[in-house]
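Quick notes on the structure that follows.
The values are calculated or read from the model by the stated rules, or taken from the named source; none is laboratory data. Please read these numbers as outputs of a predicted model, since none were measured by experiment. Counting neighbours? That spans all protein chains shown, and the Cβs are built from the backbone with ideal geometry, glycine included.
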Amino acid sequence: MAEPVRYHLDGGVAWLVIDRPAARNAINRAVGEGLWAGFRRFEADPAAAVLVLTGAGDAAFCAGADLKEMAALGMTVPPRDWVPHLGRNLQVTKPVIAAVNGVALGGGFLLAQMCDLCVAAESARFGITEARWGRGAPWAAPLPWLVPPRVALELLLTGEPIGARRAYEVGLVNRVVPDAALREEAGRLAAAIAANAPLSVRAAKAMVHATAGRDLDQALEEGWRLFEPVYHSEDAQEGPRAFLEKRPPVWRGR
């Protein structure tokens, strides 16, 4: 039987693929376990600089929780470790990109929301449909950090999905590309990040997340705290040296 979540490395880019296309890549226990294992493997993998999360097939990035399994289990409140929620129950210091093909609904929306960047196919649709089924979406609490509060309320209250272009307009998505170009564009974006100094990249990610909700003075102080070790690193000397010598820098991550 095929693995429900596949991990493979291409250069410095790790790919984590939910592989249940017949079930629209819905999250069951096996998928949840596969996502936990995949993200942990990525964080521990020194050869992997960036991860792209996507779904197999064209119809769905992830249609959310497997409602059939949830009904069979009689699940009430989902366990907080049902899936990895980056920045909450699992810390991943390296950048993660969502490559959204087809629908990202419910738990699939969560997976796209928690990633640092998002590339969407033109056919992608994003929705928090829990209100339609009497379920909850506490994981969507950080959504107003990504989009205006009224957009967050529209998504939560109506349960109606929005398309890729609308998601781009409100800031939920970084780029929208033709369906056939999704993986190429996500891979290109990931490769561009992977080519940069890893300590600078990780500090930048940490700063953006750590300063959310802080006042300006606190945000600046946190930025200085996070980047001070970067300034003192070997890579901080390698960059200018490579520029003067007119060659690509060789990053050592120290």
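Given the criteria in contact with a Cys (Cβ under 6 Å, 6 or more places away or on another chain) and surrounded by 14 or more Cβ atoms within 10 Å (Cβ to Cβ), does N196 qualify? Walk me through how you get there before you give the answer.
Working: in contact with a Cys (Cβ under 6 Å, 6 or more places away or on another chain): no; surrounded by 14 or more Cβ atoms within 10 Å (Cβ to Cβ): yes.
No; evaluated as a whole, the condition is false for this residue.
Out of the residues in segment 1-15 that are surrounded by 21 or more Cβ atoms within 10 Å (Cβ to Cβ) and among the hydrophobic types (A, V, I, L, M, F, W, C), which is nearest to G57 (Cα to Cα)? If you could, list the steps in order and put the result at the bottom.
Just the residues of segment 1-15 that are surrounded by 21 or more Cβ atoms within 10 Å (Cβ to Cβ), to begin with: 4-5, 13-15.
Next cut, among the hydrophobic types (A, V, I, L, M, F, W, C) only: 5, 13-15.
Details: V5: 13, V13: 20, A14: 18, W15: 15 Å.
Among those residues, the one meeting the criterion is V5.
What pairs come up if the first residue lies in segment 167-186 and is closer than 13 Å to S123 by Cβ, the second is of a type in the set (K, R), and their beta carbons are under 8 Å apart, counting only those six or more places apart or on different chains?
V176/R165
Could you say whether any residue in segment 240-247 is touching a helix residue (DSSP H, G or I) at 6+ places or on another chain (Cβ under 8 Å) and surrounded by 14 or more Cβ atoms within 10 Å (Cβ to Cβ)?
no
Could you please let me know if R165 is basic (K, R) and assigned to a helix (DSSP H, G or I)?
Working: basic (K, R): yes; assigned to a helix (DSSP H, G or I): yes.
So R165 fits the description; yes.
When residues of segment 123-158 are filtered for being crowded, with 16+ Cβ neighbours inside 10 Å, at pLDDT below 95 and of a type in the set (G, A, S), how many remain?
Within segment 123-158, residues that are crowded, with 16+ Cβ neighbours inside 10 Å, at pLDDT below 95 and of a type in the set (G, A, S) number 2.
So in segment 1-59, with the set limited to residues that are among the acidic types (D, E) and touching an Asp or Glu at 6+ places or on another chain (Cβ under 8 Å), which one is farthest from V92 (Cα to Cα)?
Looking at residues that are among the acidic types (D, E) and touching an Asp or Glu at 6+ places or on another chain (Cβ under 8 Å), I get D58.
Any residue in segment 26-44 that is outside any helix (DSSP H, G or I), farther than 19 Å from G253 by Cα and in contact with a Cys (Cβ under 8 Å, 6 or more places away or on another chain)?
Here is the first cut: in segment 26-44, the residues outside any helix (DSSP H, G or I) are 26-28.
With farther than 19 Å from G253 by Cα added as a condition, the list becomes 26-28.
Narrowing the set further to residues that are in contact with a Cys (Cβ under 8 Å, 6 or more places away or on another chain) leaves 26-27.
Within segment 26-44, one or more residues are outside any helix (DSSP H, G or I), farther than 19 Å from G253 by Cα and in contact with a Cys (Cβ under 8 Å, 6 or more places away or on another chain).
What number of residues within segment 219-254 satisfy the criterion of being part of a helix (DSSP H, G or I) and under 26 Å from the mean Cα position of the chain (by Cα)?
Of all residues in segment 219-254, those part of a helix (DSSP H, G or I) come to 219-231, 234-244.
Checking which are under 26 Å from the mean Cα position of the chain (by Cα) leaves us with 219-220, 222-227, 229-230.
Total meeting the criteria: 10.
Could you tell me whether any residue of segment 160-169 is small (G, A, S), closer than 27 Å to T211 by Cα and at pLDDT 95 or above?
Initially, segment 160-169 is screened for residues small (G, A, S), giving 163-164, 167.
Applying the additional criterion that residues be closer than 27 Å to T211 by Cα yields 167.
Next cut, at pLDDT 95 or above only: 167.
Within segment 160-169, one or more residues are small (G, A, S), closer than 27 Å to T211 by Cα and at pLDDT 95 or above.
Please note which strands (runs of 3 or more DSSP E) are completely contained in segment 100-145 and include at least 3 residues that are closer than 18 Å to L182 by Cα. Please lay out each step first, then the result.
Working: elements: 103-105, 117-121, 125-127.
It comes to 117-121.
Among the residues of segment 198-218, write down those that are part of a helix (DSSP H, G or I) and among the hydrophobic types (A, V, I, L, M, F, W, C). It would help to see each step written out before you state the result.
Narrowing segment 198-218 to residues part of a helix (DSSP H, G or I): 198-210, 216-218.
Correct list: L199, V201, A203, A204, A206, M207, V208, A210, L216.
Given the criterion of a type outside the set (A, V, I, L, M), in the same structural domain as P46 (by TED's automatic domain parsing) and within 15 Å of W82 (Cβ to Cβ), identify the matching residue among W139, W133. Before the answer, list the steps.
Working: W133 fails: within 15 Å of W82 (Cβ to Cβ).
When all the criteria are applied, what remains is W139.
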